[in-house]
Amino acid sequence: MTSSDTALAATRAAVILPWERPERQDEARAAEARLEEAVGLAASIGLIVVRQAVLLIRARRPATLLGTGQVESLAEAVREDKVTVVVMDARLSPGQQRNLEKALGCKVIDRTGLILDIFGARAATREGTLQVELAHLEYQRSRLVRLWTHLERQRGGFGFLGGPGETQIEADRRMIGDRIVRLKKELEQVRRTRGLHRQARKRVPFPVVALVGYTNAGKSTLFNTLTGAAVHAQDQLFATLDPTMRGLRLPSGRRVILSDTVGFISELPTELVAAFRATLEEVAEADIILHVRDVAHPDTVAQRADVVGVLDGMARDGMLGTDWPSRTIEVLNKADLLGGVDQVPTRAGTVAISAITGQGLPALLDAIDARLTAAMEVARYVLPVTAGSALAWLYEHGEVIDRHDGDEDVSLQVRLLGADRGRFEVQFAEQLRA
């Protein structure tokens, strides 16, 4: 983050949700839920929310989004509450942002800017930092008039730096463009490195189980409970950014790699989706997808739709196989808030759990086992008794369902994932007998 972003922390804020005038009661409830989420987003980076409101709008004003009277009332409230930053839970154009800042006399950030600030505060690894910086640059390139005063000033007249007629904004925009090009090259290298890591996992392959879901659904808590890892988990939106992986042994004895990933959110900025493509690729590589839902949240149905929408978009872009629904288990988390797993209605492909209490976790592990088993193929191999490494490989990565030992040969019937079967037959081709 920039120093100006860091300065947002511990400042007094107002969170405002511009909302089209609701025609039904359920739309009014949806507005309150959306406002509550926005307040949580603001609080997650340390903003002290001293005022929050839903402002009903009849028509979106090109200059300020809000109506003239609403802007004047909001300006008075800003002065009264000594607010230093107003969070508008909507997408503002650069002109609307500048006009509102002038009218309100304080800094204004929109939903996209807020989410980018959150990601900047959470990113911990090299990859995460690069992704956040790229997202910021893509977003702020059109907001150069005020936000990029910290960039090196262009004086002109120094050869490649440009002539005296070049404006400051043009210079800053070119500098940002150059930095974006460099960042994309660095990120491409990160993706290649991640690809090498995936190739390494395929050489010693274990199925990958990826946790996805709406932010704050409890993915990291579930990850910690299942693996005993110390991944950052707290009641805070976007608590996890960089994917974390740990090994996990299922009841059947087979091992899997569990991957915790960043949470999704409604109206996720397009700049963010593109910048975090490498993170989302972990989901694309998964054999099983666990869609973790906060089943106790009043907006849980809409949250599910947001996550499914992102995954569908990934499938359309070729990042995720179109068969992803068949590889997905819906995990209905926070059942403890509804009286336990028995009080949560389930259907085929769903499991009710509480990551906090551990209730329902054995059923979840069994479901993962069953889903992996359903995706497996049965193969029969004949190996020499001396092929100890090949035999060990099959026991480690598959399920031996029948075995006959002869004087010179061992005949096995094994259940394997299709990808593992291919790897085995390539790796141990010379030892296989007809």
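At a glance:
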| item | result |
| --- | --- |
| Residue satisfying all of: in the stretch 12-30; buried (at least 16 other Cβ atoms within 10 Å of the Cβ) and closer than 23 Å to Ala75 by Cβ; modelled with the lowest pLDDT among these | Trp19 |
| Filter pass, Arg347 being in contact with a strand residue (DSSP E or B) (Cβ under 7 Å, 6 or more places away or on another chain) and modelled with pLDDT under 95 | no |
| Residues of the stretch 403-434 that turn out to be free of Cβ contacts under 8 Å to residues at least 12 places away in the same chain and within 23 Å of Arg371 (Cβ to Cβ), as a count | 1 |
| Every residue from the stretch 338-361 that is surrounded by 15 or more Cβ atoms within 10 Å (Cβ to Cβ) and either in contact (Cβ under 8 Å) with a residue 24 or more places away in the chain or small (Gly, Ala, Ser) (or both) | Leu338, Val344, Ala352, Ile353, Ser354, Ala355, Ile356, Gln359, Gly360, Leu361 |
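The values are calculated or read from the model by the stated rules, or taken from the named source; none is laboratory data. Just so it is clear, the model here is predicted, and its values are computed rather than measured. All Cβ positions, even for glycine, are placed from backbone atoms using ideal geometry, and neighbour counts span all protein chains on display.
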